């Protein structure tokens with residue numbers, strides 16, 4: 001029995017919430033969180049490979065809780081070919097996350113810089 005787009009999106013959201021609860025002081029928790037991140041990427045790739053790609057339903061995750069929206073924004077830009085409006089929404093989510101002064105914000109700023117360099121080369 002094939003899994004539906006809605007079920008894949010639910011699976012993605014559950015893994016994003018799990019990843020948000022990682023205890024970085026516990027190796028087992030970090031390993032489980034890394035596994036959840038891998039699962040989210042696999043779901044995104046699976047949805048992007050559909051014909052037509054499920055970019056519009058996946059983009060609805062940009063309006064979910066912060067953890068889910070941020071992962072979805074990255075995965076939309078990395079694995080899908082979103083239309084301009086979805087791309088701008090995804091970038092806005094990442095830009096908000098990059099505006100802080102913690103390690104995660106710095107990582108998002110670096111990701112944005114790299115993404116923009118890649119985009120300039122392909123346009």
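Miscellaneous remarks
- Checking the stretch 89-106 against the condition returns a match, with at least one residue being more than 14 Å from the chain's Cα centre (by Cα), in a helix (DSSP H, G or I), surrounded by fewer than 13 Cβ atoms within 10 Å (Cβ to Cβ) and modelled with pLDDT of 95 or more.
- Of all residues in the stretch 1-43, those satisfying the criterion of being under 12 Å from residue 68 (Cβ atoms) and either in contact with a strand residue (DSSP E or B) (Cβ under 6 Å, 6 or more places away or on another chain) or crowded, with 16+ Cβ neighbours inside 10 Å (or both) are 9, 11, 12, 13, 15, 16, 18, 19, 36, 40, 43.
- Flag for residue 113 being surrounded by fewer than 13 Cβ atoms within 10 Å (Cβ to Cβ) and farther than 30 Å from residue 4 by Cβ: yes
The values are calculated or read from the model by the stated rules, or taken from the named source; none is laboratory data. Bear in mind the structure is a predicted one, so any value in this text is a computation, not a measurement. Using ideal geometry, Cβ is built from the backbone for each residue, glycine included, and neighbour counts are taken over all protein chains shown.
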